[in-house]
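K.L.:
To start, I am sharing the structure in question, which I have written as structure tokens.
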Amino acid sequence: MHGSTACAITVAVALATVGCLSKQEIKTARSSVYDADFALVYSAAVEAVRNLYPTFDEDPASGVIKTAWHQVKFSDPGADDPKTTQVADRAAGAGANTPNGSSLGYNPSLARRLYFIRFNVVVAGVRPWRVRVVGTASELRPGDSLPTELRGEATPHWLGGRTDALQVDIYRRLKAYAIQQPDEAPPAAAVEEDVAITGDAPAPARTAAAAVVRALHKRDYPALRRQLADDLAWSAGAPPGADLGLAMWKADPSVLTALEAALLAGCGGDGEAVSCPAAPTPGQPRARFGLRGGVWKLIGFVEDPR
């Protein structure tokens, strides 16, 4: 950002028609309602969506427009174009000395994460109409079969800019009918899911176990990672490590299902070590929690050797 201009990263040709957005225009677009017939407002919203995200479903009866997932080009942090990607590859050791163009045996460009975006646009209320635009981002990591939605701290920096771009495009089409209203109150904070971990275990350990279950329910992998010890034992005989373990668990969702079942079966332990379920089950893995830096963390999920 420079001065009063907030330019979204240019990742699609269609966005070039919107250009750079001033902070004032973004604020005006967010707070505008439109004193016109519903059909006119809805049609303008459809055309704005079609201009930027051409694959979508619409339902005039409900006033809802839902785009499909659209790939976001060149959205790697710090990589706005193919040349930047190539420079990053060379810095990572990618060369012409191996069949794959990399001393590591693969081409980093081909192994990059893919990013996607979609929008729900709703013409809501009564005349004057408010147009709500809600964007969602996801990423597909190498080895994953399905993209993962990016929420909370994992929300990418470019999502807000692209959401503003669509909101402003709609506003520009309806500017003649726009009336300023105060911004809507921010949505109430989401109510934290109530997860009860039973058993005779210290309360902080059960709280950590409940946080793992909540993260599993939402498939919020950044939140799950925060609950894992860096030296996580994720598979018998495999070198410990939270990042590698989480990547392997994501590739096999049955492991995450088994982890949730183990935690909800109840936990037992003392002030130094807690296991879930409290009693071992032959052939079934157990989750283990321990203190790391004075904080309870999931330190292992492997089959009990006993």
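The values are calculated or read from the model by the stated rules, or taken from the named source; none is laboratory data. A quick note: this is a predicted structure, and the numbers were derived from the prediction, not measured. Backbone-built Cβ (ideal geometry, glycine too); neighbour counts: all protein chains shown. Ligands, DNA and RNA are excluded from the accessible area calculation, which covers all protein heavy atoms including side chains. Shrake-Rupley method; radii C 1.70, N 1.55, O 1.52, S 1.80 Å.
K.L.:
Among 217, 70, what's the order by accessible area (1.4 angstrom probe), most exposed first?
P.N.:
Accessible-area ranking of 217, 70, largest first: 217, 70.
K.L.:
Based on the Cβ-Cβ distance from residue 59 to residue 200, what FRET efficiency comes out when R0 is 51 Å, to the nearest 0.05?
P.N.:
0.45
K.L.:
Please list, by residue number, every one of the GluC sites (Glu not before Pro) in region 123-232 that is coil in DSSP and has at most 14 other beta-carbon atoms within 10 Å.
P.N.:
184, 192, 193
K.L.:
FRET efficiency for residue 141 and residue 50, Cβ-Cβ distance as r, R0 = 25 Å, nearest 0.05?
P.N.:
0.25
K.L.:
Sticking with this one: Hey, any idea what % of region 117-271's accessible area is carbon plus sulfur with a 1.4 Å probe?
P.N.:
Roughly 56 percent, rounded to a whole number.
K.L.:
OK, next. Please give the peptides 56-65, 26-35 ranked by average Cβ packing (other Cβ atoms within 10 Å per residue), highest first, as a rough proxy for protection.
P.N.:
26-35, 56-65
K.L.:
Between residue 225 and residue 192, what is the label-to-label distance in nm when each label sits 7 Å out along the Cα-to-Cβ direction?
P.N.:
Once both label points are built, they end up 2.2 nm from each other.
K.L.:
Okay, next question. Going Cα to Cα from residue 218, which lysines come in below 23 Å? Please leave out same-chain ones fewer than 8 positions away.
P.N.:
66, 250, 297
K.L.:
Just subtract the alpha-carbon distance of residue 35 and residue 73 from 0.36 nm times their residue separation and send over the number in nm, one decimal.
P.N.:
Difference between extended and current length: 10.0 nm.
K.L.:
Another question, then. Given the C-alpha centroids of region 44-73 and region 146-171, what is the distance between them in whole angstrom?
P.N.:
14
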